[in-house]
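Q: Let me give you the structure first, and then I'll get to my questions.
Every read-out reported here was derived from the displayed coordinates using simple, explicitly stated rules and does not represent laboratory data. In this text the structure is predicted, and so the values were computed from the model without any measurement. Every residue, glycine among them, receives a Cβ derived from its backbone with ideal geometry; neighbour counts consider all protein chains shown.
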Amino acid sequence: MIKMSIDEMVSELNALASKKVCITFHSVGDTDSVSSAFGIASILGNATIATPDYITSNSRRILELFGYDPSSISTSIGQDFDAVILVDVNNYEDCGSFSEILKSYGSKVLVIDHHAPNNSPIRGYNDENYNSAASIVYAILKKLNYHIGPNLASLLAAGIISDSAEFKNSMPDTFIQLGELLKLAGTDYMDILTRISLVGDVNGRHATFVDIQESHAEVYNNLLVVRGKAHSHSNLAADNAIRCGVDLALFHSFNDSEVSFSSRLRPTLDSKYGIHLGKISQKLAYLIDGTGGGHPCAAGAFGKKEEAWSVFEETFLNEVLKLVGGQ
């Protein structure tokens, strides 16, 4: 990663203000990804937002909630852009079907991200001191003295909240930024939280509860580990397992000829043992012929090699246990 300062990134964005720019993000764009993309698009006069596959149903719902059109998001990138900006991702591999065409853009690609930097030759502002890409985008907009209206303020606040893991992944500035955005949005925290929180239908919630009931629990060196298969959304099962007091949750699901993995770690254990689930996911994704990444305490992987799911899971667990001294 060729690291830029935030002032250098602001300068680059100023130079691109009237250029033809594509903004994209990782496969299966989440609320942080899409809010960041629309935030950057707001300061560029000729920007196209694109997804390598699709955005989550919840991020689509949140876009509509604050007056943004999800159907405006393209599913392709041509060769005629002056620059491509990656938000909430710092490598090509996690960009799915866009990976190869992004490589062809070479030095025209810029990154705005908060995940662990890697050894890629891409230029960008990549800072783990932010809890989300939306938090960085807000800092950039402030540097540019850009007027942020109520809808954009609400959207960026949603991105920050969604990536905070109920504020367990927060930094001191996270709360300052959120307070400023809520003031710009003319609302308070409980109001926006209620609006962006999705309570699934009763059948979906029942399925997640059954996923946890049917999972397998083990204790390794005082670490409570739960592993299981999810009926549909592995991330929901993993999130709820952590809320139940689990230290490490690993869930997989199958869908559309693909295996999906979600891993979650109880916050503070990452710093205690030097665990970064995102790095482990990225490192082992080849086992399922896919991609992976994420945060120290929350990560995911997707791959076409469904039959290798058990090898991936076992190897993943062993990587974590080596760090906690359980092997």
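Q: Hey, which aspartates and glutamates would be in cross-link range of Lys305, C-alpha to C-alpha under 18 Å, not counting anything within fewer than 8 residues on its own chain?
A: Leaving aside aspartates and glutamates fewer than 8 places away in the same chain, those within reach of Lys305 are Glu93, Asp94, Asp256, Glu258, Asp289, Glu313, Glu314.
Q: Just to confirm the number: angle between the C-alpha axis of helix 309-324 and the first principal axis of the chain, 0 to 90 degrees, nearest 10?
A: Around 90 degrees separate the two axes.
Q: Mind checking the angle between helix 202-213 and the chain's longest principal axis? C-alpha axes, 0 to 90 degrees, to the nearest 10.
A: 50 degrees
Q: Provide, as a two-decimal number, the C-alpha radius of gyration of the stretch 168-296 over 2.2 N^0.38 Å, N being how many residues it has.
A: 1.22
Q: Also, quick follow-up: How large is the translational diffusion coefficient of the chain in µm² per second when you combine the Kirkwood radius over alpha carbon pairs with Stokes-Einstein at 37 °C and 0.692 mPa s?
A: So the translational diffusion coefficient is about 163 µm²/s.
Q: Given a 10 angstrom Cα cut-off, can you work out which residue in Leu250, Leu198, Leu63 is the most mobile in a GNM of the chain?
A: Leu198
Q: Would you please classify the overall shape of the stretch 177-230 from the alpha carbon gyration tensor, given that a ≥ b ≥ c denote the square roots of the eigenvalues, rounded means a/c under 1.5, and beyond that prolate means a/b larger than b/c while oblate covers the rest?
A: oblate
Q: Please report how far the C-alpha centroid of the stretch 208-276 lies from that of the stretch 142-186, rounded to the nearest whole angstrom.
A: Taking the Cα centre of the stretch 142-186 as reference, the centre of the stretch 208-276 is 28 Å away.
Q: Another question about this same structure. Largest first and in whole Å, what are the equivalent-ellipsoid semi-axes of the stretch 43-159 based on the Cα gyration tensor, each being the root of 5 times an eigenvalue?
A: 23, 18, 14
Q: Report the antiparallel proportion of the DSSP beta bridges in the chain as a percent, rounded to a multiple of 5.
A: 45 percent
Q: About the Cα centre of the stretch 1-138, how large is the charge dipole given +1 on each Lys and Arg Cβ and -1 on each Asp and Glu Cβ? Please answer in debye to the nearest 20.
A: Here the stretch 1-138 has a charge dipole of around 260 debye.
Q: For the stretch 222-306, state what percent of all Cα-Cα pairs lands in each successive 10 Å bin, counting from 0 Å until the bin that includes the largest distance.
A: Pairs per bin, as whole percents: 21, 51, 26, 3.
Q: Contour minus end-to-end for Val210 and Asp69, with contour as 0.36 nm per residue of separation and end-to-end as the Cα-Cα distance?
A: Taking 0.36 nm per residue and subtracting the Cα distance, the gain is 47.3 nm.
Q: Follow-up. Per DSSP helix of 4 or more residues, -39500 (n - 2.57); summed, then divided by the residues of the chain. What does that give at 222 nm, rounded to the nearest 500?
A: Taking each H run of at least 4 residues, the total per residue is -12000 deg cm²/dmol.
Q: Now, a different point. Mind telling me which of Asp239, Asp173, Asp163 comes out most flexible in a GNM of the chain, alpha-carbon contacts under 10 Å?
A: Comparing Asp239, Asp173, Asp163 in a Gaussian network model of the chain, the most mobile one is Asp173.
Q: Counting Lys and Arg as +1 and Asp and Glu as -1, each charge on the Cβ, what is the dipole of the chain about the Cα centre in debye, to the nearest 20?
A: Result for the chain is approximately 380 debye, rounded to the nearest 20.
Q: A further question on this structure: Please list log₁₀ I(q)/I(0) at q = 0.10, 0.16, 0.18 Å⁻¹ for the stretch 2-196, using the Debye equation with identical point scatterers on the alpha-carbon positions.
A: Treating every Cα as an identical point scatterer, log10 I(q)/I(0) equals -0.35, -0.96, -1.24.
Q: Starting from the Cα of Glu166, step 7 Å along the direction of its Cβ; do the same at Ser104; then give the gap between the two resulting points in nm.
A: The modelled label-to-label distance comes out at 4.6 nm.
Q: Over all directions, how big on average is the projection of the convex hull of the alpha-carbon atoms in the stretch 70-126, in square nanometres?
A: 4.3 nm²
Q: Calculated FRET efficiency, Gln79 and Asn151, Cβ-Cβ r, R0 45 Å, to nearest 0.05?
A: Efficiency computed from Cβ-Cβ geometry: 0.85.
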